[in-house]
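Engineer: This structure is in structure tokens; I'll ask about it shortly.
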Amino acid sequence: VQLQASGGGSVQAGGSLRLSCAASGRAFSRHVMGWFRQAPGKEREFVAAVSWGGGSTTYADSVKGRFIISRDNSKNMVYLQMNSLKPEDTAVYYCAADSSRMVLTALRYYDYWGQGTQVTVSS
């Protein structure tokens with residue numbers, strides 16, 4: 001599975017952005033899809049993940065209620081709708097794919113990674 005993230009940009013606090021991740025390769029629908037982020041000087045951290053069929057999602061506490069992850073298996077796409085953005089959301093955002101059935105949050109379970117897209121939130 002090859003992943004290409006897009007949709008990042010600069011926005012003021014309180015604004016919204018929608019990230020997209022296009023997947024190529026076989027069996028996209030049989031991968032859990034996740035979003036992670038890495039701020040300067042910090043470790044990469046989990047943001048959100050969605051199950052194979054899209055019916056189960058999980059979020060980091062820091063984004064719960066503000067971000068929504070979704071997927072469209074017919075288009076091999078996964079999305080991250082980010083609302084009420086805060087300066088602390090500033091980071092490079094990565095999409096990732098995990099071939100297991102469980103929706104997991106640890107980086108080590110994800111087999112495939114996209115190149116990242118920059119999100120900058122100004123106060």
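Engineer: Of all residues in segment 92-108, how many are under 15 Å from the mean Cα position of the chain (by Cα) and free of Cβ contacts under 8 Å to residues at least 40 places away in the same chain?
Structural biologist: Going through segment 92-108 one residue at a time, the tally reaches 0.
Engineer: For segment 87-100, which positions are surrounded by 15 or more Cβ atoms within 10 Å (Cβ to Cβ) and either not in a strand (DSSP E or B) or not aliphatic (A, V, I, L, M) (or both)?
Structural biologist: Within segment 87-100, Asp89, Thr90, Tyr93, Tyr94, Cys95, Asp98 meet the criteria.
Engineer: Kindly provide the set of residues from segment 43-64 that are assigned to a loop (DSSP other than H, G, I, E, B) and either out of contact with any Phe, Trp or Tyr (no Cβ under 8 Å at 6 or more places or on another chain) or not small (Gly, Ala, Ser) (or both), ordered by number.
Structural biologist: Once the filter is applied, which keeps residues that are assigned to a loop (DSSP other than H, G, I, E, B) and either out of contact with any Phe, Trp or Tyr (no Cβ under 8 Å at 6 or more places or on another chain) or not small (Gly, Ala, Ser) (or both), segment 43-64 yields Glu43, Arg44, Ser51, Trp52, Gly53, Gly54, Gly55, Ser56, Asp61, Ser62, Val63, Lys64.
Engineer: What's the number of the condition Asn83 fails, among (1) of a type outside the set (Gly, Ala, Ser); (2) loosely packed, with under 14 Cβ neighbours inside 10 Å; (3) at pLDDT 95 or above?
Structural biologist: (2)
Engineer: A further question follows. Only one residue in Gly65, Gly34, Gly54, Gly41 is of a type outside the set (A, V, I, L, M, F, W, C) and closer than 16 Å to Ser99 by Cβ, so which one is that?
Structural biologist: Numbers: Gly65 fails: closer than 16 Å to Ser99 by Cβ; Gly54 fails: closer than 16 Å to Ser99 by Cβ; Gly41 fails: closer than 16 Å to Ser99 by Cβ.
It is Gly34.
Engineer: Yes or no: segment 9-23 includes at least one residue that is touching a helix residue (DSSP H, G or I) at 6+ places or on another chain (Cβ under 9 Å) and of a type outside the set (A, V, I, L, M, F, W, C).
Structural biologist: no
Engineer: Follow-up question, since we're still on this one. List the number of the failed condition for Glu43; all other conditions in (1) in contact (Cβ under 8 Å) with a residue 60 or more places away in the chain; (2) out of contact with any strand residue (DSSP E or B) (no Cβ under 9 Å at 6 or more places or on another chain) hold.
Structural biologist: For Glu43, the exception is condition (1).
Engineer: Moving to a separate point now. Given the criterion more than 28 Å from Gly14 (Cα to Cα), of a type in the set (Val, Ile, Thr) and either open to solvent by less than 30 Å² (accessible area, probe 1.4 Å) or modelled with pLDDT of 95 or more (or both), identify the matching residue among Val103, Val47, Val32, Val63.
Structural biologist: Values: Val103 fails: either open to solvent by less than 30 Å² (accessible area, probe 1.4 Å) or modelled with pLDDT of 95 or more (or both); Val47 fails: more than 28 Å from Gly14 (Cα to Cα); Val63 fails: more than 28 Å from Gly14 (Cα to Cα).
Sole residue among the options that is more than 28 Å from Gly14 (Cα to Cα), of a type in the set (Val, Ile, Thr) and either open to solvent by less than 30 Å² (accessible area, probe 1.4 Å) or modelled with pLDDT of 95 or more (or both): Val32.
Engineer: Any residue at all in segment 25-39 that is more than 20 Å from Asp111 (Cβ to Cβ) and out of contact with any His (no Cβ under 9 Å at 6 or more places or on another chain)? Outline the logic, then answer.
Structural biologist: First pass over segment 25-39, keeping only residues more than 20 Å from Asp111 (Cβ to Cβ): 39.
Those still in the list that are out of contact with any His (no Cβ under 9 Å at 6 or more places or on another chain) too: 39.
Yes: segment 25-39 contains one or more residues that are more than 20 Å from Asp111 (Cβ to Cβ) and out of contact with any His (no Cβ under 9 Å at 6 or more places or on another chain).
Engineer: For segment 3-29, what are the residues that are modelled with pLDDT of 95 or more, more than 12 Å from Val78 (Cβ to Cβ) and in a strand (DSSP E or B)?
Structural biologist: Scanning segment 3-29 gives Gly9, Ser10, Val11, Gln12, Leu17.
The values are calculated or read from the model by the stated rules, or taken from the named source; none is laboratory data. Only a predicted model underlies this, so the values are computations on that prediction, with no experimental measurement involved. Here the Cβ is made from the backbone with ideal geometry for all residues, glycine too, and neighbour counts use every protein chain on show. To get the accessible areas, we keep the full protein, side chains included, count just its heavy atoms, and leave off ligands, DNA and RNA. Shrake-Rupley method; radii C 1.70, N 1.55, O 1.52, S 1.80 Å.
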